[in-house]
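Each reported figure results from applying straightforward, stated rules to the coordinates on display, with no laboratory input. Here the structure is a predicted model, which is why all the values come from computation and not from measurement. For neighbour counting, all protein chains shown are included, and Cβ atoms are generated from backbone atoms with ideal geometry for every residue, glycine included.
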Amino acid sequence: MPLRYIDNGSMEEWEVTLTAGKIAQEAAEEYLQKHNLNPKENEDDEELLQVMAGRVVAVLVRLDELEDELLKRCSNSNGDMPEEQCISLGIPIKELNAYQSSSSSSDTAEIIDSICLFDTTIRENRAKCLLAMFLNDIEGPGLRKNNVKIPCMDVDFLEEDVWDVLFGSNVDLEEVVVNSEVTDDTSEDDVLREEDDKYQTARPSLHPITIDAIEEAFILRAQNSTTSPLRLINDSMEWFEVQYSVVKFAERFMEKYTKNKSTTSHDWTEEELQTIGGRIVGVLMRLDDLEWEWNHRVTTSSLVDEVESTVWKTTFGLHPDNIEQNCILTLDTALSKEEAFARVRAERMLGLFLLNVEGPFVEGPMPGGSHPDFIHDELQLKLMAPKVIEKE
């Protein structure tokens, strides 16, 4: 159960993700029992557990990156840092000295690994700092930009001197949010389109390949295999098993794609291939939620009165007659047999992901762009846009 990737020829990066998933699952179950939560009957409990587990995975898969940034910020603080302050940041003074002397990452890793085994204070303080950096620098900006609220968004568990080292000064969070609001009339969607246009002048689109993978995943998911599940099939199955299957599916798809000379006439960059793989995993990990969200948005909009139910499959990528919520078997069968239906649905799933997940959280243009230029219906694009939740 590794939490650090070691390039030794036999280890694969998905193993870290699998371990993170197992830890998150165990933490969520322990928290559920400790606080007597009932996620099956209480939506707030379910959301709380999902957010908590998601953050555990998100921090653990970025552990090396976050720890390196933690050491960097401590090294950039004014003057030599006293040992007591290092401890409050979860950093042994020996580790900081090794980092500042340009030692290898393996040297600093060995130091913290040995100390964390026995020093509870260092371990707890380090965990607080890493979570704080994730909330403040990675998760928070995208959520606040869209006025989205989820449980426990604020970093309210740090001492003032620790905050100052990590984030510069103890500025009031509401002030930061207000000052960061967009002041011009240029929409985020317009910006994404402009960035995509610049990229597309030089490179072909990555979207068709990702859509191919999602379409293929519908067929695999319909088999409801317990050995390669793409959804939770029964109560005895753990979520990390689905995560593992998703990662393996993406790896197999990309391997098959890159080896097929008829589909690889273009020389893709490593960054482009990683982006495609990341998007495949990102969509499939959220497939149930994306499907529910798109069905809900369409069925509660004015579009239901403008489009005949007979063409819902090829217009919205949705099965008519509320089959979406009532019979998964019928839906799976239709997706497996009707290629046009599966294609349109795959496009809508990727479109929702790009606009609501990738776009708000990623700074700067992504390879291939983050605008769903494969969807030409402006009304559907508007329906896919991130929801703005009014502040209380």
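Odds and ends about this structure:
- Rounded D (µm²/s) - segment 46-168, Kirkwood Rh over Cα pairs, Stokes-Einstein at 20 °C, 1.002 mPa s: 140
- Cα-based values for segment 188-384, radius of gyration first and Dmax second, are 16.8, 50 Å.
- Full extension of the segment from Arg231 to Glu46, taken as 0.36 nm per residue of separation minus the current Cα-Cα distance, would add 64.9 nm.
- Structure note, pairs Lys22/Lys337; Lys313/Lys382; Lys40/Lys256: Cα-Cα distances above 28 angstrom occur for Lys22/Lys337; Lys40/Lys256.
- Per-pair calculated FRET efficiency, R0 = 51 Å: Val311 and Met11 via Cβ, rounded to 0.05: 0.55
- Neighbour counts of other Cβ atoms within 10 Å put Thr210, Thr275, Thr300 in the fewest-to-most order Thr300, Thr275, Thr210.
- Fewest neighbouring Cβ atoms within 10 Å first, the residues Glu324, Glu308, Glu271 line up as Glu308, Glu271, Glu324.
- Extension gain for Ala109 to Glu255 (0.36 nm times residue separation, less C-alpha to C-alpha distance): 49.4 nm.
- Arranged from fewest to most other beta-carbon atoms within 10 Å of their beta carbon, Tyr99, Tyr5 become Tyr5, Tyr99.
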